[in-house]
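The values are calculated or read from the model by the stated rules, or taken from the named source; none is laboratory data. Keep in mind the model is a prediction, meaning the values are calculated, not measured. Methodologically, a virtual Cβ is constructed for each residue, glycine included, from the backbone with ideal geometry; neighbour enumeration extends over all protein chains shown. Ligands, DNA and RNA are excluded from the accessible area calculation, which covers all protein heavy atoms including side chains. Shrake-Rupley method; radii C 1.70, N 1.55, O 1.52, S 1.80 Å.
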Amino acid sequence: MRTLISSAFVSLDGVVEGPGGEPGYRNSGWTFKDIEFVPEAYEIKGREQDEATAMLLGRVSYAAFSPVWPDMEDFAGYKVMPKYVVSTTLSDADLVSNWGETTILRSVDEVAALKETEGGPIIIHGSASLNRSLSDAGLIDRYHLLVFPLLLGAGKRLFSDTDKDAQKLKLVEFETYSNGVQKQVFDVVR
């Protein structure tokens, strides 16, 4: 079974929306506003490209990343790996042509089936709604979180507020950087 890893920039109060400056969000760009850039805090992002064998995105994150990431040197590792987009509305005609193999999945059940295939880890970037659905379905195996010392108050959260049983996590990696950002890597305990 493949490992499904959720990678997120998250505020201390759990907000994940608009971290990189995506338009249309109240606090858009919060990861670099008033937060000193410390390169070592982002080491995990390069490691994710080296270790992942596929990328999974929701429709909104695909629409935000696909026009930009294919031509960015920082994300060159993702260009060649297979990508999966979970959407009930996208068609093949909506996919960009310069970002390699991309497959549309129509449901959480199809993500569960993808996890059963041969291959290495699958990384999820952004995709707040998809993350919540996959977490609620018990499909996420690991969280790579960069937690920023901010309280944003409003915005999409990483975790849903559905009534479900407690889920234990095991902290497997942790570091705090000079700018107050914390790296927290958790394995989901089953």
**Prompt:** Looking at segment 65-102, which of its residues are aromatic (Phe, Trp, Tyr) and not in a loop (DSSP other than H, G, I, E, B)?
**Reply:** PHE65, TRP69, PHE75, TYR78, TYR84
**Asked** Can you tell me which residues in segment 44-73 are more than 15 Å from the chain's Cα centre (by Cα), within 22 Å of ALA128 (Cα to Cα) and open to solvent by 60 Å² or more (accessible area, probe 1.4 Å)?
**Response** PRO67, VAL68
**Request:** Kindly indicate whether any position in segment 50-67 is without any contact (Cβ under 8 Å) to a residue 24 or more places away in the chain and under 21 Å from LEU146 (Cβ atoms).
**Result:** no
**Asked** Looking only at segment 103-126, which residues are open to solvent by less than 10 Å² (accessible area, probe 1.4 Å) and in a loop (DSSP other than H, G, I, E, B)?
**Response** none
**Prompt:** Restricting attention to segment 48-64, does a residue exist that is assigned to a loop (DSSP other than H, G, I, E, B), over 18 Å from ILE122 (Cα atoms) and of a type in the set (S, T, N, Q)?
**Reply:** no
**Prompt:** Among the residues of segment 81-102, how many are on the phi < 0 side of the Ramachandran plot and open to solvent by 30 Å² or more (accessible area, probe 1.4 Å)?
**Reply:** 13
**Prompt:** Of all the residues that make up segment 144-166, how many are over 21 Å from ALA41 (Cα atoms) and either of a type in the set (A, V, I, L, M) or more than 19 Å from the chain's Cα centre (by Cα) (or both)?
**Reply:** 7
**Prompt:** So SER7 fits all but one of (1) touching a residue at least 60 places away in the same chain (Cβ under 8 Å); (2) open to solvent by 40 Å² or more (accessible area, probe 1.4 Å); (3) hydroxyl-bearing (Ser, Thr, Tyr); (4) not in a helix (DSSP H, G or I); what number is the exception?
**Reply:** (2)
**Message:** Cβ-Cβ under 8 Å, sequence separation 6+ or interchain: first residue in segment 106-121 and in contact (Cβ under 8 Å) with a residue 60 or more places away in the chain and at positive phi, partner part of a loop (DSSP other than H, G, I, E, B) and loosely packed, with under 15 Cβ neighbours inside 10 Å. Which pairs?
**Reply:** GLY119/THR53
**Message:** Tell me the residue from GLU36, GLU17 that is open to solvent by less than 70 Å² (accessible area, probe 1.4 Å) and either of a type in the set (Phe, Trp, Tyr) or in contact (Cβ under 8 Å) with a residue 60 or more places away in the chain (or both), please.
**Reply:** GLU17
